[in-house]
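See below for the structure under consideration.
The values are calculated or read from the model by the stated rules, or taken from the named source; none is laboratory data. Computed from a predicted model, the values in this text were never measured in an experiment. All Cβ positions, even for glycine, are placed from backbone atoms using ideal geometry, and neighbour counts span all protein chains on display.
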Amino acid sequence: MQIEMFDILTFHLLIRANEPIIDPSSGIHLFDRLGNIVFAAGTRQLGKRLPDLSAGEEVIVRMELQFNVQPGEYTFSLGAAEPSPEQNPNVGFIHDRHELLGPIVVIAETEKLLPFYGIAKLPMNAEFGNVIK
């Protein structure tokens, strides 16, 4: 799998409930070649609530991820979860996770100036005033 910097890669996940699941979610983790998490998010962070599922029911989740990252190799993990009974919204119960998938190779034209340096492109703006003499 090879993709240009800033292109979008689409993932399709088939989520199947083996038991009743209330408020399921799915997501992705993106790792650099050293195993550092570059990005992780899912349906919950996007405010997309998946339907509750009864045993045997399925839903397909489509996620699009724009690769605003430096050229290189990345691995990824895909997972499905539901909220933990705790009150912390950042804690969940993982039902299934597929780890170290890939690699995804992000490429860029080496003859052109890179649009940023470092691991990821962050929102940035610059302005300047008149020349002072």
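Points worth noting:
- Test: residue in the stretch 87-97 that is assigned to a strand (DSSP E or B) and touching a Pro at 6+ places or on another chain (Cβ under 6 Å): yes
- Taken over the stretch 83-104, the criterion of being at pLDDT 95 or above and touching a Phe, Trp or Tyr at 6+ places or on another chain (Cβ under 8 Å) is satisfied by LEU101, GLY102, PRO103, ILE104.
- Cross-chain or 6+ apart pairs with Cβ under 9 Å, the stretch 10-37 first and of a type in the set (Val, Ile, Thr), then exposed (fewer than 13 other Cβ atoms within 10 Å of the Cβ) and assigned to a strand (DSSP E or B): THR10/ARG62; THR10/GLU64; ILE15/GLU58; ILE15/ILE60
- Yes/no for VAL61 being of a type in the set (A, V, I, L, M, F, W, C), surrounded by fewer than 13 Cβ atoms within 10 Å (Cβ to Cβ) and in contact (Cβ under 8 Å) with a residue 24 or more places away in the chain: no
- Residue within the stretch 112-133 that is exposed (fewer than 11 other Cβ atoms within 10 Å of the Cβ), of a type in the set (Ser, Thr, Tyr) and touching a residue at least 12 places away in the same chain (Cβ under 8 Å) present: yes
- Of all the listed residues (GLN70, GLN45), the sole one being within 16 Å of the chain's Cα centre (by Cα) and free of Cβ contacts under 8 Å to residues at least 40 places away in the same chain is GLN45.
- Exactly one residue among PRO51, PRO71 is closer than 30 Å to LEU113 by Cα, at pLDDT 95 or above, surrounded by fewer than 16 Cβ atoms within 10 Å (Cβ to Cβ) and not polar (S, T, N, Q), and that residue is PRO71.
- Enumeration of residues in the stretch 91-111 that are in contact (Cβ under 8 Å) with a residue 24 or more places away in the chain and surrounded by 13 or more Cβ atoms within 10 Å (Cβ to Cβ): GLY92, HIS95, LEU101, GLY102, PRO103, ILE104, VAL106, ILE107, ALA108
- With respect to the stated conditions, GLY118 fails to be assigned to a strand (DSSP E or B) and at positive phi.
- Condition check for LEU100: of a type in the set (A, V, I, L, M), part of a loop (DSSP other than H, G, I, E, B) and more than 18 Å from ILE21 (Cα to Cα): no
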